[in-house]
Structures are given as structure tokens and as C-alpha cells.
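Comments concern the structure below.
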């Protein structure tokens, strides 16, 4: 191999390494991955750096697969209020509620985290179609057909909300009308 080719090969490898280091693969927040980056970006961000946060509460000490195949770490919700919306792809009430949830999330995205939790035998394809049909891709959706997250929060029916305060404490658990959801989210956003 000629010296020019060896030199070009070494420079090419060095540039690849530098580009890989600059791509930010190590600087993503916990729970983010290539397949969940758009969903993770919708989480209202990390808390202000006014000092160390207390340990992640038990309510947020879990991870789950996402619709689309990524992985979600609930610890990224710590420090901001969060709305967990439990839905099933086959549920007519969930379909009716989707636009209202989407509007509430869009209005308060900077201050309140939203996470959809799909399940109850929805199936991966139906979950993906539900998110696409209702343009719900601005926030993460968990694929929880096995009901692990549902059981964690004691949810037994679809179209159900669990609202957490910034410390991860449950402040509401149950269904909400469109007006009640808007009022609760507005008060969380302060």
C-alpha cells in the first residue's frame, strides 16, 4: 500500500473517531436512544440546576419499551410534573380523547411532561397506527401490552390518567373530562 493511501486511511479513521465523539452519543439524557430521540425531546427537560435533586422516587424507578421499539427511562421525568395517559389502540374513548391530550401537551410542553402508556392487548402495529393517526408523536408512548406499567400505578381501565407532581408523588388517578384535564395541566404548569 502506498504512503498516500496509508496516510489517507489514517486521516479518515481519525476524522470518523472525532465525528463520532462530537455526535453526542454520550450526552443524551437517560432514556434517550436513537429510536426514541423525537419522543424524548418532547419531555419537558431536566430540572434547573439549583442543586442536586433528591433520589428518584419509586414511582419513577422503571423503564419500559416505547411504541416504535426504543426504551424509556421514567427517571427523566423527575423534577417536572408529569401526566401519564393510559390508552388502548382499540378504545373509542381513547380515540375521542387523543386530540385534547395532544393540545394540552402542546400548550404546556415546556413545563409538564406527557407520556402515553398503551396497552390492554393493543399490539405493536395498532399502537404505532394510533400514534400516527392522531399525530401524537410529540411525546413518548410506552408499549405496555404486558401491563407492567399499568399494574405499577394500579390502572385497571383504559382512558385513564395518573398525574405526578415534580417530586413524583401521585396527585391524581382516574379519568378526566377534557375541561378537567386542561385545568389540571394548567395548574401543574403554574
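Once the chain from residue 135 to residue 90 is taken as fully extended at 0.36 nm per residue, the excess over their C-alpha distance is 14.6 nm.
Peptides 90-100, 63-73 ordered by packing proxy, namely the average of other Cβ atoms within 10 Å per residue, highest first: 63-73, 90-100.
You can think of it this way: the chain between residue 173 and residue 146 has 7.7 nm of extra reach, that is 0.36 nm per residue less the Cα-Cα gap. Going from the fewest other Cβ atoms within 10 Å to the most, the residues 112, 148 appear in the order 148, 112. Rg and Dmax of the stretch 102-190, based on Cα coordinates, read 13.2, 37 Å. Ordered by the count of other Cβ atoms within 10 Å of each Cβ, fewest first, 108, 141 give 108, 141. As a proxy for reagent exposure, ranking 80, 173, 102 by other Cβ atoms within 10 Å from fewest up yields 173, 102, 80.
Where a number appears in this text, it was derived from the coordinates with a stated rule and is not lab data. Quantities reported herein were computed from a predicted structural model and do not represent experimental measurements. Positions of Cβ are generated from backbone atoms using ideal geometry, with glycine treated the same way; all protein chains shown enter the neighbour counts.
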